[in-house]
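Note sheet for the following structure.
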Amino acid sequence: MRTKILIICLLCACSITAQVSEGIAKNKVYQGFSGGMMLHTGYLFGQDKNAPLAANGRSASPQGALFGIGGALRVHLWKYLRTGFEGYVSTMPSTATDCNDILKPGSYVRVGCGGVLADCCWRMDKVWPYIGGVIGGGSMKGLYILEGDQTSWNKDPNSTFHKQPFFYITPYVGCDYCLTKKVHLTFRFDWMLAIHRNELVLPTGPRLYFGFMFTH
């Protein structure tokens, strides 16, 4: 009789321990991490006040499509929170601007930026929708060639190079599609708000990202 009671008590203890362990596992702070690379494209709005003027008086400040690559690393906390870092490099060549009749081949706008991100992610079976934002900083480099040829070694007297730092805030929404438990195909849309001296400046504009994330 005592043996049966002892066995029942041991089974009850094991059951309670398993339930408590499961509850702790579900409610623990650290839930893993994820990271990967993404390609992106987008469009730049706004005016670069430092852009030179063409002979007809028109500003060479470019507005147009950009393309780039970057990556992100996130730590998963509790049930929904993810936080981490990201960084990207984007380039807008002269052929992608709306003033390519002014800028000569070889002109470009290049943006490098990075910051701290945080988002709320709903981890479902096949899809992980998320919404969040990034705060960070970066710099924009612009080479404006108004005369000359990039393939020659002649001096180009009417060219300007400018570098501008900026602070930025970027809200975003996106979704992961779980190809496997470890590999996700991710899509994201955001809108960068670049600020310099309390003014919105280039590279303000929308971007669309797609790439792969590896979760652990």
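The values are calculated or read from the model by the stated rules, or taken from the named source; none is laboratory data. None of the values given here were measured: they were computed from a predicted structure. Counting neighbours? That spans all protein chains shown, and the Cβs are built from the backbone with ideal geometry, glycine included. Note: accessible area is taken over every heavy atom of the protein model, side chains too, but ligands, DNA and RNA are not part of it. Shrake-Rupley method; radii C 1.70, N 1.55, O 1.52, S 1.80 Å.
Summarising the amide proton neighbourhood of GLN63: residues at separation of 5 or more, or on other chains, whose placed amide H is nearer than 5 Å comprise ASP98, CYS99.
Using only the Cα atoms of segment 136-216, build the gyration tensor, take square roots of its eigenvalues as a ≥ b ≥ c, and label the shape rounded, prolate or oblate: rounded if a/c is under 1.5, else prolate if a/b is larger than b/c, else oblate. Judged from the Cα gyration tensor, segment 136-216 comes out oblate (a/c at least 1.5, b/c at or above a/b).
For segment 130-183, which whole percent of the accessible surface, found with a 1.4 angstrom probe, sits on carbon and sulfur atoms? Write down the numbers at each step before the final one.
On the way: 1990 of 3200 Å².
Its accessible area is 62 percent carbon and sulfur atoms.
3J(HN,Hα) along segment 80-90, derived from phi through the Karplus expression 6.51 cos²θ - 1.76 cosθ + 1.60 where θ = phi - 60°, amounts to 10, 6, 10, 9, x, 9, 8, x, 9, 10, 10 Hz, with x in place of Gly and Pro. Distant-in-sequence amide contacts of LEU77, defined by a placed amide H-H separation under 5 Å and a gap of 5 or more residues or a different chain, comprise GLN31, ARG82, THR83. For SER107, the residues 5 or more places off, or on other chains, whose built amide H falls under 5 Å of its own are SER94, ILE145. When restricted to Cα atoms, segment 77-175 yields an Rg and a Dmax of 19.5, 61 Å, respectively.
Applying a DSSP loop filter and a limit of 13 other Cβ atoms within 10 Å to the trypsin sites (Lys or Arg not before Pro) in segment 109-184 leaves LYS126, LYS155, LYS181, LYS182.
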